[in-house]
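Working notes, structure below.
Each value in this text was obtained by applying a stated rule to the coordinates, not by laboratory testing. No experiment lies behind these values; they were computed from the predicted model shown. Because the Cβ atoms are built from the backbone with ideal geometry, glycine has one as well, and the counts that use them run over all protein chains shown.
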Amino acid sequence: MRELGTFPNVFCKLSGLVTEDDWQNWKPEHIAPYMDVAFESFGPSRLMIGSDWPVCTLAASYTRAINLVEVTSASTRPRCKRLHWVETRSSFGS
């Protein structure tokens, strides 16, 4: 992931995080280290958020899956709302 982050034309989507841990016992702190690497590698201007719905519902509700990214990124990084709306749109050329 870090190597991919060195290419300015490569973006990363944070998606499917909750189903990569123990479906019944996952916690935000289990997933935060992976999000840290994504933020360090790509920065908020080249990250997008996705829920992986309906697959995420195996381990969490849609709301909880999205809130995971919001809570983790908002508590440790600036511009979380920008990550949701402005940066995602700009990655598609809008």
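Rounded to the nearest Hz, the phi-derived 3J(HN,Hα) couplings of the range 12-26 under the Karplus curve 6.51 cos²θ - 1.76 cosθ + 1.60 (θ = phi - 60°) are 10, 9, 7, 7, x, 5, 6, 8, 8, 10, 4, 4, 8, 10, 5, where x marks glycine and proline. Taking 0.36 nm per residue of sequence separation and removing the Cα-Cα distance, the Glu20/Met1 pair yields an extension gain of 5.2 nm. Proximity of backbone amide H atoms, modeled 1.01 Å from N, is registered between Lys13 and Met48 at under 5 Å, excluding neighbours fewer than 5 places apart on the same chain. Taking other residues whose beta carbon is less than 15 angstrom from the beta carbon of Cys56, and scoring Lys, Arg as +1 and Asp, Glu as -1, yields -3. Each residue of the range 59-71 was assigned a 3J(HN,Hα) from its phi angle through the Karplus curve 6.51 cos²θ - 1.76 cosθ + 1.60 (θ = phi - 60°); the sequence is 10, 6, 6, 4, 4, 5, 5, 5, 4, 4, 5, 4, 5 Hz, with glycine and proline shown as x.
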